[in-house]
Amino acid sequence: MKSFLVGGAVRDRLLGLAVKDRDWVVVGTSPKQMQAAGYRFVGKDFPVFLHPESHEEYALARTERKTKVGYHGFEFYTSADVTLEQDLERRDLTINAMAEDSEGQIIDPFNGQQDLQNKRLRHVSRAFTEDPVRILRIARFLARFHHLGFSIAEETLSLMQQMVDAGEVDALVPERVWQEMAKALCEPNPEQFILALRECGALKVLLPEIDQLFGVPQVKAYHPEVDTGVHVMMVVQQCCRLTSKPVTRFAALMHDLGKGITPQDILPHHYGHEESGLPLVKAVCDRLKVPNEYRQLAEMTCQYHTHVHRAFEVKPKTLLKVLTATDAYRRPERFEQFLQACKADSRGRPGFEDRPYLQADLYRRILLETQAIAVKPIVEAGFQGEQVKEELRHQRLRVISAVCQDSKGPEGIY
């Protein structure tokens with residue numbers, strides 16, 4: 001029985017990154033022997049055990065065989081005669097197919113160290129094509145390592161395209177797509193996840209609402225980048241500068257879906273894209289079974305982001321409408337996430353990346369000062385029932401009007 005540290009722990013140490021999770025492969029043993037040694041069995045599809053002290057995962061070396069379409073279509077074989085190299089060969093990328101023995105020696109049968117040096121995401125073998133989840137994983141790894149200079153090897157991208165053409169991506173279940181997407185949203189460059197899926201053709205299958213944004217023109221005076229898809233990718237980048245929260249980054253990704261269905265005869269204008277985009281956001285969230293926290297912020301951002309951009313142009317009642325419609329008084333933390341997504345939208349344009357976004361500051365001040373209006377004095381003044389709500393509204397509008405008169409808007413295009 002021999003144990004080897006494998007996968008991400010080896011890769012990240014060689015990259016000089018912090019090692020978060022340590023996974024192990026065990027060769028030359030059986031489930032009975034593992035349990036006799038005090039390891040606790042936890043595997044579902046194949047034998048995985050928890051170490052009795054460290055509680056790290058130890059999996060028996062295994063091979064796998066494709067039996068049907070999709071990522072569930074596999075049979076696994078585990079036995080004491082399965083070698084470490086056989087186990088490593090079934091892995092997705094060469095940089096994930098390295099192991100380290102008890103003396104710190106690297107076992108690297110597929111040249112993962114060379115690909116680390118060359119900054120290439122390269123598949124291990126043709127078996128890569130058997131699992132469509134690997135397309136999502138490659139895209140996610142690009143989102144993680146793009147800032148280090150990594151790119152997808154041409155031959156690997158070609159295999160990904162072949163898998164899409166063969167219909168393998170159609171077999172992916174929504175939950176797994178969302179699982180990988182949610183992880184990608186936590187990476188330094190989540191927009192690279194989208195771009196990688198688009199390059200191999202998977203985006204139009206999995207997220208057609210985003211895919212159709214590319215090539216759609218916008219008014220150049222407001223959007224020097226012109227292309228809506230490019231703009232949305234820039235917005236996601238800017239959102240990553242503002243927050244690490246994946247829920248806000250998802251809202252930034254979804255905010256302009258309506259521009260993908262703008263009638264040709266009004267382009268490059270996108271009148272009413274906020275309302276037309278809302279059903280598309282709902283469709284994405286329904287299809288991928290997106291959690292409510294993500295759905296709510298995405299819908300809110302889609303519907304009201306231009307209301308924030310025009311904060312210095314609209315009437316006080318419109319400003320109050322946004323505060324109430326977004327439930328800002330009861331959920332100020334979510335409202336702040338909404339403002340961050342709007343700020344990212346404004347900055348997601350060439351030349352606007354560091355421009356102050358005074359509109360968000362105005363909304364913050366309005367919220368703060370109207371929060372100070374207490375309901376108790378209104379009731380004590382004799383107002384009852386709906387009268388209380390109406391009087392509170394009037395007082396909030398008076399405060400908002402005063403704040404607006406005292407505030408100076410941004411110069412030039414928002």
Under a Cβ-Cβ cut-off of 13 Å, what is the net charge of the residues other than Glu391 that fall near it, where Lys and Arg count +1 and Asp and Glu count -1? +2
Towards the positive end of the charge dipole of the chain, with charges on Cβ (+1 Lys, Arg; -1 Asp, Glu), say which of Ala61, Ile107, Ala402 has the farthest Cα. Ala402
Quick one: which of 300-310, 350-360 comes out on top by average Cβ neighbours within 10 Å, and what's the full order, highest first? 300-310, 350-360
First measure r as the distance between the Cβ atoms of Thr318 and Val42, then evaluate 1/(1 + (r/R0)^6) with R0 = 60 Å and state the FRET efficiency to the nearest 0.05. 0.65
Net charge dipole size for region 201-254 [Lys, Arg +1 and Asp, Glu -1 on Cβ; Debye, nearest 20]: 220
Rounded to the nearest 500, the 222 nm mean residue ellipticity computed for the chain from DSSP H runs (n ≥ 4, each -39500 (n - 2.57)) alone is -15000 deg cm²/dmol
Positive dipole terminus of the chain, leading residue within Ile95, Thr326, Ala166 (C-beta point charges): Thr326
Once the dipole of the chain is set up from charges on Cβ (+1 Lys and Arg, -1 Asp and Glu), the residue from the list Gly382, Gly16, Ala344 lying farthest towards its positive end is Gly382
Using a simple charge model, +1 on the beta-carbon of Lys and Arg, -1 on the beta-carbon of Asp and Glu, nothing else, what dipole does region 243-405 show about its Cα centre, in debye to the nearest 20? 200
At 7 Å along Cα-to-Cβ for each site, give me the label-to-label distance between Leu148 and Asp327 in nm. 4.0
Going down the table (Lys343/Lys376; Lys289/Lys321; Lys321/Lys408), which pairs top 31 Å between alpha carbons? Lys343/Lys376
How large is the charge dipole for region 74-212, taken about the Cα centre, if only the Cβ atoms of Lys, Arg (+1) and Asp, Glu (-1) carry charge, to the nearest 20 debye? 480
Gain in length, Arg287 to Glu199, computed as 0.36 nm per residue apart minus the alpha-carbon separation, to one decimal in nm? 29.5 nm
Read phi for every residue in region 88-104 and hand back ³J(HN,Hα) as whole Hz from Karplus 6.51 cos²θ - 1.76 cosθ + 1.60, θ = phi - 60°, with x for Gly and Pro. 5, 5, 7, 7, 6, 10, 4, 6, 9, 10, 10, 9, 9, 8, 5, 9, x
So what is the relative contact order for the chain, in percent, with contacts set as C-alpha pairs under 8 Å and at least six apart? 10
Qualifying lysines (Cα of each under 16 Å from Cα of Lys20; at least 8 residues distant if same chain): Lys183
Taking Arg330, Arg122 and counting other beta carbon atoms within 10 angstrom, the fewest-first order is Arg330, Arg122
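Read the figures in this text as sums done on the coordinates, not as results from a lab. All of these numbers come straight from a predicted model, not from anything done at the bench. Virtual Cβ from ideal backbone geometry, glycine too; neighbours counted across all protein chains shown.
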